[in-house]
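The next block holds one structure in the form of structure tokens; read it before the comments.
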Amino acid sequence: MSNSIRYSAEPARQSISDAHWDGLSASLEAARKEVFSDVELFNSGGAVPEEKQPLDAGFIELPRRLLNDYEQNGEESLVGQILATAQVLREELDRLVVLGIGGSYMGMRALFEGLCDPFHNELPRPMRGDVPRLYFEGNNVDNDALQSLLMLLGTQCADPTDFAQRWGIVVISKSGGTLETAVSFRLFREALEEYYGESNRESTRYVVPITGESGKLRDFSNERGYPATFPIPDGVGGRFSIFTAVGLLPAAVMGMDILRLLEGAADITDNFRDADRGDNPVMDYTAVCHLLEKHSGLKTRIMSTWGKKMEASGLWYDQLLAESLGKNEQGALPLTIVNTRDLHSRGQQHQEGVRDKLITNVIIEKPDGDPISIPELAENRNQDQLNKFAGKTIPEVLDAAIKGTNQAYADVNRPTADIIIPELDAYALGQFYQMLMLATVLEGRLIGINPYGQPGVEAYKQNMNAILSGK
């Protein structure tokens, strides 16, 4: 795999006995076989045993299937249709609102922060690569945030002939019944129709639903006649949907290379299927996390992202791990931090607090831009005493911080591991997200937890709807 991510866990591995490491081999291999047996069962269309339900194994082979479909059918393929719709939105709009909650938006949020400029929405269009500004809503119940975005879009006095104000909606909900997204869709849909005129074709042209093959949003989309509606496939749960239209359509609108994204995911899946431990990031990551939780009590998993651009990726993983394995009073607690920022808030606890944490660093080897150097100033301006570091670059400072922090943890036997990403591009992130999804499913099968479905989330939804209905 070119430009491949790497997993290195030598400091953490020192906290695992050889007996435990070697003793896991058979059960880990059995879990891998079960993962791919699940894929075969899913593809067969046969009856699914009760203990396997739900069986949302469709994400595993999806990237390769989408690539093959595109290669064979071009513009007629799903990816071809996504690219065509994305081109329309990209060329005709300057603002795009993505409505969705949980897995329906967190993956795209991770891609947006990982691959776009940190100040994307504030840049003039040419500096944005001639792509729209991007906003996320429908992911909370927040009156002030809704009101502010609606005002920003200028629902009262906007000029639809001014390209800089033209906007559209991508609404994402598998069932269409999730209240947060449904309410937001009604509000923004009404605002859009007021903006363009309810009978104007832009009021349907610039609304793109992404939903299940059946359900409220699918029925409404058919009734309204939205010209582009994309599926969330059966057998792909929300938190595993980043490589469906849920992530791919907005990513393509933003000019991201979705083919390379899919290639990265497909390649790491092949590696997981075929490679032995030691050359298999999915197997190695799962083994280290599982053994340290089981034998050392490390039930809190810190994803330590070194740089702000991967924070949303960590938050995406928080949902993935929590909803997949947080069942039957099991499952590690995932937490995301950004360093060096959070060394000044949580670092003390990680260094000297309860010994229940495995820290996995996410390290980007090559920055997007040219390295910035610390300038040397005249002595009469050296009050900050930084001339001793003159000529050092910001990446060198960050590297020193990573090494210094890992050494500090090692000195007091606090296990750490590293996920190393050569550079932030679509291929590497495709690998990264698929690696973590596969590792989560693998661990679920290893510990006897169905990693699919999230029954506990339904309780609050039912209660909220009952309260609002006065029942």
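Key figures for this structure:
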| quantity | calculated |
| --- | --- |
| Counted residues, the stretch 382-400 - those being closer than 28 Å to H350 by Cβ, out of contact with any strand residue (DSSP E or B) (no Cβ under 7 Å at 6 or more places or on another chain) and in a helix (DSSP H, G or I) | 7 |
| The one condition in (1) more than 25 Å from L67 (Cα to Cα); (2) charged (D, E, K, R); (3) surrounded by 15 or more Cβ atoms within 10 Å (Cβ to Cβ) that E396 fails to fulfil | (3) |
| Test: Q454 is closer than 18 Å to L315 by Cα and not assigned by TED's automatic domain parsing to the domain that holds S324 | yes |
| Test result for I419, in contact (Cβ under 8 Å) with a residue 40 or more places away in the chain, of a type in the set (V, I, T) and over 19 Å from E61 (Cβ atoms) | yes |
| Only listed residue being over 18 Å from Y105 (Cβ atoms), at pLDDT 95 or above and in the same structural domain as Y105 (by TED's automatic domain parsing), chosen from Y206, Y195 | Y206 |
| Where I364 falls short, out of the listed (1) assigned to a loop (DSSP other than H, G, I, E, B); (2) at pLDDT 95 or above | (1) |
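The values are calculated or read from the model by the stated rules, or taken from the named source; none is laboratory data. Note that the structure is a prediction, hence the values are computed from the model and not measured. Note that we place each Cβ from the backbone using ideal geometry, even for glycine, and neighbour counts take in every protein chain shown.
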